[in-house]
Every structure is written in C-alpha cells, then in structure tokens.
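Enquirer: One structure, as structure tokens, below. Some questions next.
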Amino acid sequence: MMDWNNTNPPELSTPASRWRLPMHSRRIRFALATLAGILYWLALPMPGIWPFSFVFAAPLLIAIEGQPAKERFLLGWWSGAIGIGGSHYFIAETLTLLAKLPWGAAIPVFLLYTAWVSLEMGIFCLGAGWLRSSKRKLWIVSVPLWFTLVERLHPVVFRSLPSNTLWDVP
C-alpha cells in the first residue's frame with residue numbers, strides 16, 4: 001500500500017539507491033560510458049576543449065555506481081577506447097606512412113594500441129568504484145586525485161603516449 005503522505009518515492013528515499021532507478025539497464029550504462037568517452041576525447045589535446053576535463057567523468061561515475069569490479073573495469077575501458085581512439089586516430093595513418101604498413105595491417109595495430117591505452121580508464125574506474133564504495137565523504141577529493149595519479153603513471157608504467165586532459169588548463 002502506498003503512503004500518500006510521503007512525498008518521496010520509495011525507490012528514491014535512501015541515499016544508496018540514488019542512481020539505481022535508471023541504471024538497471026546495461027544499455028544506459030554503456031551510453032553514459034560512451035558519453036564520458038566523447039567528453040574525454042574533447043578534453044584531450046587534439047580538440048583541446050579543456051573545460052571538459054573537469055566534467056567528463058561525471059557520466060562514467062554514474063554508470064559505475066554500484067556495479068561489480070568487472071563491470072566497472074569494462075565500462076571504464078570502453079569509455080577510454082572511445083576517447084583514446086578519437087584522439088589518437090592519426091596513429092593508423094602514421095603506420096602507413098612511416099612504417100609502410102598497408103591499411104589492412106595498420107587498422108588492427110591501431111585497435112590493439114587503443115585497447116592497450118584504454119586500460120588507463122579501466123584502472124581509473126576500478127579505483128574510483130572502490131573509493132566511492134568506501135562510504136567516506138572524502139571521495140569527492142580522492143576520486144579526482146586518483147584520476148590524476150592514474151593519468152600520470154599509466155604511460156610511464158605501461159609505455160604508451162600520455163593522455164593528459166589537463167595539458168592546456170590556464
């Protein structure tokens with residue numbers, strides 16, 4: 001029976017369920033991760049719309065809320081693949097011009113490279129989900145610090161081109 005005196009719907013009355021209402025659809029979570037990937041790409045040096053570097057992760061953090069580690073990693077990896085693939089598109093052409101690879105070989109090499117560098121966002125989402133689930137109020141500070149750490153260390157540890165969203169922030 002519905003309580004007509006309660007103005008909050010029961011599914012939204014607890015803080016733990018704040019993002020649960022539309023998130024039981026995997027399609028919506030992947031759409032949010034894709035949006036985050038597009039915003040991430042726009043924040044990277046080629047397009048260079050630096051204000052997106054401060055907001056690109058918001059749809060991704062909503063998408064990973066309450067998800068198991070495997071799903072968080074997959075959503076982050078997908079988001080990274082969209083962003084890195086859009087930003088580093090020139091690598092396939094560089095392989096054809098400098099390495100003299102045919103396009104049939106350059107495209108798979110580019111896709112492997114994109115999959116490798118996209119691990120950065122998967123690692124970010126694993127850590128962000130853990131920091132968020134720790135129920136501490138400091139997650140609002142610790143998650144951006146975690147992203148900065150991952151963004152700076154990933155290219156050093158895993159030898160790849162750096163993906164720095166904060167490269168042109170005044």
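The values are calculated or read from the model by the stated rules, or taken from the named source; none is laboratory data. Here the structure is a predicted model, which means the values were calculated and not measured. Cβ sites come from the backbone with ideal geometry, for glycine too, and all protein chains shown count toward neighbours. For accessibility, only protein heavy atoms count, side chains too; no ligands or nucleic acids. Shrake-Rupley method; radii C 1.70, N 1.55, O 1.52, S 1.80 Å.
Enquirer: Is it fair to say Thr114 is touching a Gly at 6+ places or on another chain (Cβ under 6 Å) and at pLDDT 85 or above?
Expert: Yes; evaluated as a whole, the condition is true for this residue.
Enquirer: Against the definition (modelled with pLDDT under 95, open to solvent by less than 30 Å² (accessible area, probe 1.4 Å) and not in a helix (DSSP H, G or I)), how does Gly66 come out, yes or no?
Expert: It is false that Gly66 is modelled with pLDDT under 95, open to solvent by less than 30 Å² (accessible area, probe 1.4 Å) and not in a helix (DSSP H, G or I).
Enquirer: Filter region 49-63 down to the residues that are under 9 Å from the mean Cα position of the chain (by Cα) and touching a residue at least 60 places away in the same chain (Cβ under 8 Å), then identify the one that is surrounded by the fewest Cβ atoms within 10 Å (Cβ to Cβ).
Expert: Out of the qualifying residues, it is Leu61.
Enquirer: Going by the conditions given, is Val156 open to solvent by 60 Å² or more (accessible area, probe 1.4 Å) and part of a helix (DSSP H, G or I)?
Expert: yes
Enquirer: Looking only at region 75-84, decide whether some residue is touching a helix residue (DSSP H, G or I) at 6+ places or on another chain (Cβ under 6 Å), of a type in the set (Phe, Trp, Tyr) and open to solvent by 60 Å² or more (accessible area, probe 1.4 Å).
Expert: yes
Enquirer: Okay, moving on. Can you name every residue in region 12-48 that is open to solvent by 90 Å² or more (accessible area, probe 1.4 Å), touching a helix residue (DSSP H, G or I) at 6+ places or on another chain (Cβ under 9 Å) and at pLDDT below 80?
Expert: Of everything in region 12-48, those that are open to solvent by 90 Å² or more (accessible area, probe 1.4 Å), touching a helix residue (DSSP H, G or I) at 6+ places or on another chain (Cβ under 9 Å) and at pLDDT below 80 turn out to be Arg18, Trp19, Arg20, Met46.
Enquirer: Now for a separate question. Is it the case that some residue within region 85-103 is of a type in the set (Gly, Ala, Ser), open to solvent by 60 Å² or more (accessible area, probe 1.4 Å) and part of a helix (DSSP H, G or I)?
Expert: No, the conditions are met nowhere in region 85-103.
Enquirer: Would you be able to say whether some residue in region 118-139 is within 12 Å of Ala33 (Cβ to Cβ) and either outside any helix (DSSP H, G or I) or at pLDDT below 85 (or both)?
Expert: So far as region 118-139 goes, yes, one or more of its residues are within 12 Å of Ala33 (Cβ to Cβ) and either outside any helix (DSSP H, G or I) or at pLDDT below 85 (or both).
Enquirer: A further question on this structure: Given the conditions (1) farther than 18 Å from Ala57 by Cβ; (2) open to solvent by 80 Å² or more (accessible area, probe 1.4 Å); (3) under 19 Å from the mean Cα position of the chain (by Cα), and given that Leu145 satisfies all but one, which numbered condition is not satisfied?
Expert: So Leu145 meets the others, but not (1).
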